[in-house]
Amino acid sequence: MNKLLSPLINSWKAPDLRRKILLTAFIFFIFRLFAHIPIPAVDTHKLAALFAQNQFLGLLDIFSGGTLVNFSVMALGLNPYINASIILQLLQIVFPKLEELSKEGEYGREKINQYTRLITVPLATVQSIGMIALLRNQGIIANLDPLALITMVVTMTAGTILAMWFGEMITEYGIGNGISLLIFAGIVGRLPVAFGQVATTATAEGITNIILFGILAILVIAATVFVNEAVRRITVHYARRIRGNKVYGGNVSYLPLRVNQAGVIPIIFAVSMVLLPSLLGGFLKQVKSPTAVGLGTFLTNVFNPNGVWYNVMYFLLVIGFTYFYTAITFNPKKIAEEIQKYGGFIPGIRPGTATASYLNYILTRITLAGALFLGLIAILPSIARQISGVTQLLVGGTGVLIVVSVVLETFKALEAQLVMRNYEGYLKE
């Protein structure tokens, strides 16, 4: 336990890292505070009853950071920003100039982030209009005059922009990835409510199922840690070079290829995409058109969180986004060029193009194992709910997966900053 908590303890002892931890905690507090500030003209009792019987909305609430169930000023949470990120990364495949821009170091990343922010605003506006229309037809939002409706849309859009800014502040001045951490905070913040609902409605048989569900959660945590830490080490030899009276190189190193190279990002992207058909279906069902109502009914039935097609699409999207994000974050050609530049080579593989092909061959196969694991873990809770009958723990598996992955990534970020800090201190000496 001491070894596990040592990065956090050592970080707290360092004044600069302690400031980052306190800033992250403060932003968490403000984010959760805004999550409990409701928008006026909303019947919160009817809203709570709707969420209790609608699993889709419950799932959407988790990924809004727990802000939707209260219909707070941050009701949409980070969903529009995540969708904007997906759209922009897909556009990089279609438009080569965007792909070139993403590779231009800090300047390119800043421009891509700026474009993501710009796309987030219209997406948040459209999603807020759709959500208001859906809830108004359910009698949860009263019929308001146009000015009040515009004010509500602007408030929800501004809440998403504020949440996006909180995430960027954590990324830049805090610890870890801000967007992932805010989703983590929303999941953890909703867990006591979910467990409280289970405890108040549990029967003798239900308690047994909850225990089995808890054992399954422990196995999921152990498997997630194992896969996230698993790497395939590629041996790299460096040729010996002589410059003057000094000898350089001649050593052996290892290139670690992670089984789960993409981390938790594919799950977040996949959930954002798989929720869209149900959201669109709920909106179309309220339109006064038989065709729209029929299409909306079809979408909500097909993409029901308890349905087969929903889980199949969820599984395939997780696999697809795992490969997609891995291809963006790891470039075998660039790695092969760097190895060749410093006189390195993989035994039995020629430097250059052959090395890039070999790395791509290895990465494709180990990524398949990681993608299948993520996909199976993502749909496993749905199977467990059908067997156990515990419906209150709606996002148990996905939530556990995100929480564990974010905690591991955050601890690694703390360790990296500790190593960097010690290294800088060594250089000063």
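Some notes on this structure:
- Test: Glu100 is under 23 Å from the mean Cα position of the chain (by Cα), loosely packed, with under 14 Cβ neighbours inside 10 Å and acidic (Asp, Glu): no
- Among residues of segment 226-240 that are under 13 Å from Val259 (Cα atoms) and touching a residue at least 40 places away in the same chain (Cβ under 8 Å), those with a Cβ under 7 angstrom from a residue that is polar (S, T, N, Q) and not in a helix (DSSP H, G or I), sequence gap 6+ or separate chain, pair up as Val227/Asn260; Asn228/Asn260.
- Some residue of segment 292-309 being under 22 Å from Pro80 (Cα atoms), surrounded by fewer than 20 Cβ atoms within 10 Å (Cβ to Cβ) and out of contact with any Ser or Thr (no Cβ under 9 Å at 6 or more places or on another chain): no
- Residues being polar (S, T, N, Q), modelled with pLDDT under 80 and under 25 Å from Tyr358 (Cα atoms) - total across segment 229-252: 1
Okay, residues lined up against (1) among the basic types (Lys, Arg); (2) farther than 24 Å from Leu255 by Cβ; (3) at pLDDT 80 or above:
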{"position": "Glu338", "(1), (2), (3)": "no, no, yes"}
{"position": "Phe345", "(1), (2), (3)": "no, no, yes"}
{"position": "Ala356", "(1), (2), (3)": "no, no, yes"}
{"position": "Ile362", "(1), (2), (3)": "no, no, yes"}
{"position": "Gly389", "(1), (2), (3)": "no, yes, no"}
{"position": "Ala413", "(1), (2), (3)": "no, no, no"}
{"position": "Lys428", "(1), (2), (3)": "yes, yes, no"}
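- Scanning segment 76-111 for residues that are closer than 16 Å to Gly167 by Cα and touching a residue at least 24 places away in the same chain (Cβ under 8 Å) turns up Leu76, Gly77, Leu78, Asn79, Pro80, Tyr81, Ile82, Asn83, Ala84, Ser85.
- Residue within segment 333-347 that is in a helix (DSSP H, G or I), without any contact (Cβ under 8 Å) to a residue 40 or more places away in the chain, surrounded by fewer than 17 Cβ atoms within 10 Å (Cβ to Cβ) and of a type in the set (A, V, I, L, M, F, W, C) present: no
- From Ile366, Ile362, Ile377, residue being in contact (Cβ under 8 Å) with a residue 24 or more places away in the chain, more than 13 Å from Val236 (Cα to Cα), in contact with a Gly (Cβ under 8 Å, 6 or more places away or on another chain) and among the β-branched types (Val, Ile, Thr): Ile377
- Residues (surrounded by 20 or more Cβ atoms within 10 Å (Cβ to Cβ) and either modelled with pLDDT of 75 or more or in a helix (DSSP H, G or I) (or both)) located in segment 264-278: Ile265, Pro266, Ile267, Ile268, Phe269, Ala270, Val271, Ser272, Val274, Leu275, Ser278
- Residue check: Ala158 meets all listed conditions (1) more than 21 Å from the chain's Cα centre (by Cα); (2) open to solvent by less than 40 Å² (accessible area, probe 1.4 Å); (3) small (Gly, Ala, Ser); (4) at pLDDT 75 or above but one, namely (2).
- Test: residue in segment 310-329 that is of a type outside the set (D, E, K, R), open to solvent by less than 40 Å² (accessible area, probe 1.4 Å) and not in a helix (DSSP H, G or I): no
- Counted residues, segment 171-191 - those being part of a loop (DSSP other than H, G, I, E, B) and either of a type outside the set (Val, Ile, Thr) or under 14 Å from the mean Cα position of the chain (by Cα) (or both): 3
The values are calculated or read from the model by the stated rules, or taken from the named source; none is laboratory data. Predicted model, so just to flag it, every value in this text is computed and none were measured. With ideal geometry, Cβ positions are generated from the backbone for all residues, glycine too; neighbour counts draw on all protein chains shown. Keep in mind that these areas ignore ligands, DNA and RNA; they rest on the heavy atoms of the full protein, side chains included. Shrake-Rupley method; radii C 1.70, N 1.55, O 1.52, S 1.80 Å.
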